[in-house]
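Student: Sending over a structure as structure tokens; questions will come in a sec.
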Amino acid sequence: MQTPVGIAVAGMRVVDSTGAPVGTVSAVQPAGTDVRPDVVAGIAEHLMVTGYLRIDGTGVLSNDVYAAGTQVGAITDGEHGVVELLVHREGLHRAAPDRTDRAPPTRSWSAVHPCPECGRSTGVDGWD
């Protein structure tokens, strides 16, 4: 299956089937790639077979999305290249949230608590 994914380049603007801006291409993977995208199993394998674009989303609350090779329509190349999708932005696959900016997990309330009388720590099963 030949798709136009291979002629897209990072930095191109992306619009959906209604012409609304979706974001900017941040990565391009051709059909048959071994590079697994950041999405759930099943969808990831489909994207690897068809090839895909990773798109930096637009808007304050948006995250990256993936467009399968079969969702990519016309691509206008050149200095102001544009990727036109065949689907609405809601039909794209959302990337897994980036967990690197989250605070590290804290201990749960039941993990360790000092005894108010002697200061010894309590564990899940009682006093240590």
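Student: I need the calculated FRET efficiency for the pair ASN63 and VAL9, taking r as the beta carbon distance and R₀ as 22 Å, to the nearest 0.05. Numbers along the way, then the final one.
Tutor: On the way: r = 22 Å, r/R0 = 0.99.
Result of the calculation: an efficiency of 0.50.
Student: I've got another one for you. Let me check against my output: what whole-number percent is the relative contact order of segment 4-94, with C-alpha pairs under 8 Å and at least 6 apart?
Tutor: Values: 206 pairs, mean separation 29.6, N = 91.
In percent, rounded to a whole number, it is 33.
Student: Next up: What percentages, rounded to whole numbers, describe P(r) for segment 4-94 computed over all alpha carbon pairs with 5 Å bin width beginning at zero?
Tutor: The distribution over segment 4-94 is 3, 17, 29, 27, 17, 6, 1, 0, given as percents.
Student: A further question follows. Using Cβ counts within 10 Å as a stand-in for footprinting exposure, how do ILE75, ILE55, ILE7 rank, fewest first?
Tutor: Numbers: ILE75 19, ILE55 26, ILE7 13.
Ranking ILE75, ILE55, ILE7 by Cβ neighbours within 10 Å, fewest first, gives ILE7, ILE75, ILE55.
Bear in mind these aren't lab numbers, they're just calculated from the coordinates by the rules spelled out. The structure presented is a predicted model; accordingly, all values stated were derived computationally and were not measured. Methodologically, a virtual Cβ is constructed for each residue, glycine included, from the backbone with ideal geometry; neighbour enumeration extends over all protein chains shown.
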